Amino acid sequence: MGTDTATNLRRVFFASESLKKQGAKGAKFARVHVIGAGVMGGDIAARCTLRGMAVTLQDIDMERIKPALERGKALFKKRLKSKREVDTAMLRLEADPTGKGVARADVIIEAVVEKLEVKQAIFSGIEDQLKPGAIPATNTSSIELERIAEGLKDPARLIGLHFFNPVAQLPLVEVIRSTFNSDAEIGKGAAFALAIGKSPVVVKSAPGFLVNRVLMPYMLGAVKRVEAGESKELLDAAAVAFGMPMGPIELMDTVGLDVGQSVARELGQAVPAESKFAGLVSAGKLGRKTGEGFYKWVDGKAQKGETPERGDLAGLGRELVQPLVDTTEVVVAEGVVANAGLADIGVISGTGFAPFLGGPLKARADGRA
């Protein structure tokens, strides 16, 4: 009970519990409409369905929606006890290619490609259909809300609800606050995250927000080392030895190389056109979701080669994680997140950063990162 690990884990527990105070009291959510049936949108829809909500899932056509329904059914079979419960859940998850569910929904979540003009067009197109009190939210991973809200009649209604991949495993939802939003809108957004069993951390609208802002220097630093000839298997093993749940190269593949490239661009860290990274994106090899990126993927698992031997793997991992820790300090100093404690729990919940170290800033204060 007196060890550093036990102390840090208690700190993480109480920090997680404190997130529950951010939700608006009395807010109720019965219907959700998700626009975009890709991996992220489909998994958000399945999560909301699993928590008892009626969900309509929209995309261009049924061909694009069907895989998301199949993934949802697989999740229900894993989490629910009986065939009857699975069948009931599937009745709550409805394909909606025409978007008729927008007008009935309490929460509308956009989860489409990370392109500003596409997101702007979606929200301007549905604004007049929203019922009073409904929350329009974007799952943008890096674009400031103020830019997405340009041209809306009431930009104050739009908030960010940024989920993390894989949705079923990572508990964090960044509730993104723009300069237009009031406490009421943000409180409802946090309440919705809590209603679907997620951990909300309120962050200011700024490029990359909290988690992607701190992850990008870490992942891009590792990618740069791979481009220079270092073993991706070794780098990933070193990060795991330090305490990360997976290495930076495997994580980049999991996030999606196209998403990583887009976030890097938003943060002013453009991927060189002649790099292997850019070549993989151009070839449509986007990581786990396409079956190949830096690794080949089979049944959702990265196919790794032999890991070269090296002493002090954890030391190399600490070196790899250094940019993440440095950037977390910068983010707190800039006021993107309210304090160091929230930054630590946000990074732990969104990246899996070693909980036994208490988060990146606690680890630095203890001389362990």
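May I ask you to verify whether Ala190 is surrounded by 18 or more Cβ atoms within 10 Å (Cβ to Cβ) and in contact with a strand residue (DSSP E or B) (Cβ under 8 Å, 6 or more places away or on another chain)? So that I can check it myself, show each step before the final result.
Working: surrounded by 18 or more Cβ atoms within 10 Å (Cβ to Cβ): yes; in contact with a strand residue (DSSP E or B) (Cβ under 8 Å, 6 or more places away or on another chain): yes.
Yes: the conditions hold for Ala190.
If the requirement is being in contact (Cβ under 8 Å) with a residue 24 or more places away in the chain and within 27 Å of His162 (Cα to Cα), which of these qualifies: Gly305, Gly287, Gly300?
On the way: Gly305 fails: within 27 Å of His162 (Cα to Cα); Gly300 fails: in contact (Cβ under 8 Å) with a residue 24 or more places away in the chain.
Exactly one residue qualifies, and that residue is Gly287.
Which residue out of Leu69, Leu50, Leu57 is aliphatic (A, V, I, L, M), surrounded by 13 or more Cβ atoms within 10 Å (Cβ to Cβ), farther than 19 Å from Gln169 by Cα and under 21 Å from the mean Cα position of the chain (by Cα)? Break it down stepwise before answering.
Working: Leu69 fails: farther than 19 Å from Gln169 by Cα; Leu50 fails: farther than 19 Å from Gln169 by Cα.
That would be Leu57, the only listed residue that is aliphatic (A, V, I, L, M), surrounded by 13 or more Cβ atoms within 10 Å (Cβ to Cβ), farther than 19 Å from Gln169 by Cα and under 21 Å from the mean Cα position of the chain (by Cα).
In segment 119-142, what residues are farther than 15 Å from Val34 by Cα and surrounded by 13 or more Cβ atoms within 10 Å (Cβ to Cβ)? It would help to see each step written out before you state the result.
Here is the first cut: in segment 119-142, the residues farther than 15 Å from Val34 by Cα are 120-121, 124, 128, 131-133, 141-142.
Listed by number, the residues that qualify are Gln120, Ala121, Ser124, Ser141, Ser142.
Tell me yes or no: at least one residue of segment 349-365 is in contact with a strand residue (DSSP E or B) (Cβ under 7 Å, 6 or more places away or on another chain) and not in a helix (DSSP H, G or I). So that I can check it myself, show each step before the final result.
The initial filter retains those residues of segment 349-365 that are in contact with a strand residue (DSSP E or B) (Cβ under 7 Å, 6 or more places away or on another chain), namely 349-350.
Narrowing further to those that are not in a helix (DSSP H, G or I): none.
No, there is no match, as no residue in segment 349-365 is in contact with a strand residue (DSSP E or B) (Cβ under 7 Å, 6 or more places away or on another chain) and not in a helix (DSSP H, G or I).
Which one of these does Val336 not meet: (1) among the β-branched types (Val, Ile, Thr); (2) assigned to a helix (DSSP H, G or I); (3) farther than 30 Å from Thr3 by Cα?
Looking at each condition in turn, Val336 falls short on (2).
Being of a type in the set (Lys, Arg) and crowded, with 23+ Cβ neighbours inside 10 Å is the filter here; which residues of segment 222-280 pass it? Lay out the reasoning, then the answer.
To start, the set of residues in segment 222-280 that are of a type in the set (Lys, Arg) comprises 224-225, 232, 265, 276.
Within segment 222-280, just Lys232 meets the criteria.
Every read-out reported here was derived from the displayed coordinates using simple, explicitly stated rules and does not represent laboratory data. Note that the structure is a prediction, hence the values are computed from the model and not measured. Note that we place each Cβ from the backbone using ideal geometry, even for glycine, and neighbour counts take in every protein chain shown.
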